[in-house]
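Chemist: Just dropping this structure here.
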Amino acid sequence: MYMELAIGQYHRLGYITIWERVCPPLKGIGYAMLIINFYVLSYYNTIIAWSIHYFFASFNAVVPWTYCKNSWNTDNCYSLHDKESLNFTHNASCSSADEYFERRMLRSHLSPNINQLGSLQWELVGCSMLVFLLIYLSIFKGVRTAGKAIWFTALVPYFVLVILLLRSLTLDGIFEGLKYYVAPTFQSLKEYGVWQAAAVQIFFSLGPGFGVLLSYASFTDSHDKVAHTALIASLVNCSTSLLYGTVVFAGLGYLSFRLKSDVRQFTESNMGLVFVVYPEILTSIRGAPVFSMLFFIMLITLGLDSVFAGAESVYTAIADEFPIFARRPRLSRALVVLIPFLASFSTLTYGGKNIVHFMDFFGTSPSIMFVVLCELIATAWLYGMDRFSNDVQTMTGQKPNIYWRITCRYIAPIILCVLYVCSFIQFDKHEFDSFGDAKTVVRVSIAGWTMSTISALPIPIYAIWWYLTRREKTLSQQTTKTVVTERIDEQQSFI
């Protein structure tokens, strides 16, 4: 984060063009970032659309996932508010919130596997259109409107988190959840998946590797204290994550107390933690519709906060690289929003949850680590740590201290290299067993690694192209020089 803020603030260009100044052979880093951003905009907005669906569904006296007596429920449904249904064995049944998520909103039961996605869900298409409209309204005038929007989307979650935290602390059984949250499990450190999840999460929350920091830093004051910005942003981000975790795990402790079960079973779900478990907790709180609306407003603003920056950085990068794109900025920004919306249609089908999971796993995880690794090599090694330090001194009046220099040059590249190599060695196909039979899982794995490779390919391809074209120019210049020299010799001989 420190490195991206520094080079973005010094060179003041979009994340494609900037690499011509830093390391021309590795300009493909910018194109790789562009592809990754396109992947993210194509599926991440669908998750925000789910939150919008839940937000509107909360406008009821009783939120619709409270009870089981609905047209979408099965006979195996149980509810926290129905003593008879609680007699079910929970392992063999589904909660009312789970069935609302799977059978009412997603209707995933109508898609037997990833090969049969089913029809578009127009209700979710409408929610997705609203998301993309909000994105466009926030960026159509550039960083000024995006900046104003981010003031709102960045502050609202804190207001909601404090309200939910105060309410959660009044519930029974919360200490079991908080104990599980803060008690370390050192055995988990042996699992590669934990380290990969941590790396990808920090990339998502802080923004390195996506080009967002490079683009936004190019608009800041050229004398801004980069180290202070990086440290403050990192501390605020981690503190917010801890606060959010406290709210969620306090609620999980309460839910396990009500169901007389282990907290661990509620943490094993993926997206279900946000769209199943916590909504189920909220149904037990007096004023559930209000708290539910607040919770999903928080999720919507958190999501929009990320995609505003991503969409604007895409426009900045393309406009800097291709000036013709900047002649009609509002139309160009509309295209930046429209193309991912059209690409997201597969995530809005009955089997859309599988597509979201597929793109979330392969769209960012391996490739983002490779991109950031190349960034570090390009800046700290090829551009040179001394030149980088001099640039920082020009802006801030002092060179990076020994911590930044050692981290950017040695520690971070080693960690990222190990993580990237392990992403191939430790890959587990069973992650996608729910997608269908064994053949389908193999096909999904091949398609996923192909998609991940596509986002990384611009880096080696551009480097090879740059080398070949430079070599041709050098040969051409040498040939021209030889011809000119011969002509001069001939003229001198003639004279």
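Chemist: Tally up the residues in the range 198-223 that are assigned to a helix (DSSP H, G or I) and either outside the structural domain of LEU164 (by TED's automatic domain parsing) or surrounded by fewer than 15 Cβ atoms within 10 Å (Cβ to Cβ) (or both), please.
Modeler: Taking the range 198-223 as the starting set, the residues that turn out to be assigned to a helix (DSSP H, G or I) are 198-206, 212-217.
The next check asks that each one be either outside the structural domain of LEU164 (by TED's automatic domain parsing) or surrounded by fewer than 15 Cβ atoms within 10 Å (Cβ to Cβ) (or both); those that pass are 198, 201.
Count: 2.
Chemist: Still on this structure, I have one more. Could you please find all residues in the range 290-340 being among the aromatic types (Phe, Trp, Tyr) and without any contact (Cβ under 8 Å) to a residue 60 or more places away in the chain?
Modeler: Of everything in the range 290-340, those that are among the aromatic types (Phe, Trp, Tyr) and without any contact (Cβ under 8 Å) to a residue 60 or more places away in the chain turn out to be PHE322, PHE325.
Chemist: Please verify whether the range 449-463 includes one or more residues that are in a helix (DSSP H, G or I), surrounded by fewer than 12 Cβ atoms within 10 Å (Cβ to Cβ) and of a type in the set (A, V, I, L, M).
Modeler: The answer is no; no qualifying residue exists.
Chemist: Conditions first: (1) over 12 Å from VAL248 (Cα atoms); (2) within 22 Å of the chain's Cα centre (by Cα); (3) surrounded by 15 or more Cβ atoms within 10 Å (Cβ to Cβ). VAL194 passes all but one, so which condition is the exception?
Modeler: Evaluating VAL194 over (1) over 12 Å from VAL248 (Cα atoms); (2) within 22 Å of the chain's Cα centre (by Cα); (3) surrounded by 15 or more Cβ atoms within 10 Å (Cβ to Cβ) leaves (3) as the failure.
Chemist: Here's a check for you: in the range 25-50, which residue that is small (Gly, Ala, Ser) and crowded, with 23+ Cβ neighbours inside 10 Å is farthest from SER306 (Cα to Cα)?
Modeler: Here the answer is GLY28.
Chemist: Which is exposed (fewer than 12 other Cβ atoms within 10 Å of the Cβ) and farther than 20 Å from CYS238 by Cα, of TRP151, TRP122?
Modeler: Just a single option satisfies the conditions, and that option is TRP122.
Chemist: With LYS353, LYS399 as the choices, which residue is in contact with a helix residue (DSSP H, G or I) (Cβ under 7 Å, 6 or more places away or on another chain) and not in a helix (DSSP H, G or I)?
Modeler: Exactly one residue qualifies, and that residue is LYS399.
Chemist: Going through THR469, THR479 one at a time, which residue ends up being within 28 Å of ASN37 (Cβ to Cβ) and modelled with pLDDT under 90?
Modeler: Criteria check complete, one pass: THR469.
Chemist: Please go through the range 429-440 and pick out each residue that is free of Cβ contacts under 8 Å to residues at least 40 places away in the same chain and within 24 Å of the chain's Cα centre (by Cα).
Modeler: Those that are free of Cβ contacts under 8 Å to residues at least 40 places away in the same chain and within 24 Å of the chain's Cα centre (by Cα): LYS429, HIS430, ASP433.
Chemist: Would you check if there is a residue in the range 225-242 being basic (Lys, Arg), in the same structural domain as LEU164 (by TED's automatic domain parsing) and in a helix (DSSP H, G or I)? Please lay out each step first, then the result.
Modeler: If we filter the range 225-242 for residues that are basic (Lys, Arg), which is where we start, we get 225.
This time we only want the ones that are in the same structural domain as LEU164 (by TED's automatic domain parsing), so: 225.
Add one more test, that the residue is in a helix (DSSP H, G or I), and what stays is none.
Looking through the range 225-242, none of the residues is basic (Lys, Arg), in the same structural domain as LEU164 (by TED's automatic domain parsing) and in a helix (DSSP H, G or I).
Here is a yes/no grid of residues against (1) farther than 30 Å from ARG286 by Cβ; (2) in a loop (DSSP other than H, G, I, E, B); (3) at pLDDT 95 or above:
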| residue | (1), (2), (3) |
| --- | --- |
| GLU20 | yes, no, no |
| ASN37 | yes, no, no |
| LEU41 | yes, no, no |
| ALA49 | no, no, yes |
| TRP65 | no, yes, no |
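Chemist: Just to verify a result, which residue in the range 224-245, among those that are in contact with a Ser or Thr (Cβ under 8 Å, 6 or more places away or on another chain) and either modelled with pLDDT under 90 or closer than 14 Å to GLU176 by Cβ (or both), is surrounded by the fewest Cβ atoms within 10 Å (Cβ to Cβ)?
Modeler: Selected residue: SER241.
Chemist: Now for a different question. Return the only residue of VAL212, VAL236 being touching a residue at least 40 places away in the same chain (Cβ under 8 Å) and among the β-branched types (Val, Ile, Thr). First the steps, then the outcome.
Modeler: Numbers: VAL236 fails: touching a residue at least 40 places away in the same chain (Cβ under 8 Å).
Answer to the selection: VAL212.
The values are calculated or read from the model by the stated rules, or taken from the named source; none is laboratory data. Please read these numbers as outputs of a predicted model, since none were measured by experiment. All Cβ positions, even for glycine, are placed from backbone atoms using ideal geometry, and neighbour counts span all protein chains on display.
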